[in-house]
Amino acid sequence: MLNNIIAKILLIISELKYRLALLNHRKKLPVLPQSDRLILEQLKREGAYVTSITDLALPSTAKLLKAAQIQLTQMSRADHDDLAKKSPQIYTITDLPEIADWGREPRLLNLIENYIGLPIAYHGVHLRKDFPSEHQFDTLLWHKDAEDRRIIKIFLYLEDVEKKHGPFEYIPKSLISIWNSYRINQQLKRSGYLGIADQIVEKILPRSAWKSCPGVAGTVLIGDTGALLHHGTLRIEERSALFFCYTATPPKRPELCTQYWDNTFPHIKPQLSIL
């Protein structure tokens, strides 16, 4: 009992410190051009923004795309006859400057800092290939990420993604009432925060509220995966994408951020990149 009370008091103190830090950093936030202010407004309202790598027009885009396509050739292909649970193939490529430096572009960092509201940490990047599956498991279940209070992840499709490839899907924040948010969080808690199935989510919010994000190669989705209820959808063909991760520094749960640079997943070393 006493331990629970102490834990709650410490949590309240932590949240008060966080709110004070947001207030103190407000005047230090980078100034954004009008186009990026519009992106920021949508991120705050909906929790996500979809664009393309062409429209972003970042200087390092050409190097990133060339390096990413080279790395894709080293990844295995799926057995399309096996639609059971097959874990994704993930490589940590934070060590590859041709790819990782795209995530350090000043325009992206300024936008993300304005959304997170504090000095940010760019944790790194994964190259990920998701395989066909007819069963919901892992990130195919609806979930929220837990690295921090506000998290920005950038998903970059490296190949065309149609319904058959299992596009990213989320529920916009503006469509979730306080009551439904509570119901969703209770279901997540019951699952041990491992995720919830379509049938459960549909009892809370109809499929008409679910926003699927198919797109051609080069589609970019910027989302707060800590605020958004989201998942990858069932697929019959594989999907390849880059995942970039950002939080405040330090994040609320730093132990969940180490996967972007530690040995959780195999590394592709810089010498393997060919420009």
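The values are calculated or read from the model by the stated rules, or taken from the named source; none is laboratory data. Everything numeric here is computed off the predicted structure, so don't read it as measured data. In this analysis, Cβ positions are derived from the backbone assuming ideal geometry, glycine residues included, and neighbour counts consider all displayed protein chains.
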Q | Criterion (part of a loop (DSSP other than H, G, I, E, B) and either at pLDDT 90 or above or surrounded by 11 or more Cβ atoms within 10 Å (Cβ to Cβ) (or both)) met by exactly one of Lys66, Lys85 | A | Lys85
Q. Residue check, Thr264 against (1) among the polar types (S, T, N, Q); (2) in contact (Cβ under 8 Å) with a residue 60 or more places away in the chain; (3) closer than 25 Å to Leu56 by Cβ, all met but one. Which one?
A. (3)
Q: Would you check if Glu147 is at pLDDT 95 or above, over 13 Å from Gly47 (Cβ atoms) and surrounded by fewer than 20 Cβ atoms within 10 Å (Cβ to Cβ)?
A: no
Q: Would you check if there is a residue in region 22-40 being part of a helix (DSSP H, G or I), of a type in the set (A, V, I, L, M), closer than 27 Å to Thr264 by Cβ and under 22 Å from the mean Cα position of the chain (by Cα)?
A: no
**Q.** Total residues in region 44-59, condition farther than 25 Å from Pro172 by Cβ and either touching a helix residue (DSSP H, G or I) at 6+ places or on another chain (Cβ under 8 Å) or touching a residue at least 12 places away in the same chain (Cβ under 8 Å) (or both)
**A.** 2
Q | Matching residues in region 150-168 - criterion: being crowded, with 19+ Cβ neighbours inside 10 Å and out of contact with any helix residue (DSSP H, G or I) (no Cβ under 9 Å at 6 or more places or on another chain) | A | Lys153, Phe155, Val161, His165, Pro167, Phe168
Q: Could you check, for region 51-69, whether at least one of its residues is of a type in the set (Ser, Thr, Tyr), touching a strand residue (DSSP E or B) at 6+ places or on another chain (Cβ under 8 Å) and under 22 Å from His267 (Cα atoms)?
A: no
**Q.** Members of region 25-43 found to be surrounded by 13 or more Cβ atoms within 10 Å (Cβ to Cβ) and touching a residue at least 60 places away in the same chain (Cβ under 8 Å), listed by number
**A.** His25, Leu29, Pro30, Leu32, Asp36, Ile39, Leu40, Leu43
Q: Identify the single condition in (1) at pLDDT 95 or above; (2) surrounded by fewer than 19 Cβ atoms within 10 Å (Cβ to Cβ); (3) among the hydrophobic types (A, V, I, L, M, F, W, C) that Val220 does not satisfy, given that it satisfies every other one.
A: (2)
Q) If you take the residues of region 92-138 that are touching a helix residue (DSSP H, G or I) at 6+ places or on another chain (Cβ under 6 Å) and among the charged types (D, E, K, R), which of them is surrounded by the most Cβ atoms within 10 Å (Cβ to Cβ)? A) Glu98
Q: Can you tell me which residue within region 206-216, out of those that are in contact with a strand residue (DSSP E or B) (Cβ under 6 Å, 6 or more places away or on another chain) and assigned to a loop (DSSP other than H, G, I, E, B), is surrounded by the fewest Cβ atoms within 10 Å (Cβ to Cβ)?
A: Pro214
Q | Selection count, region 143-201, where residues are free of Cβ contacts under 8 Å to residues at least 60 places away in the same chain and in a helix (DSSP H, G or I) | A | 17
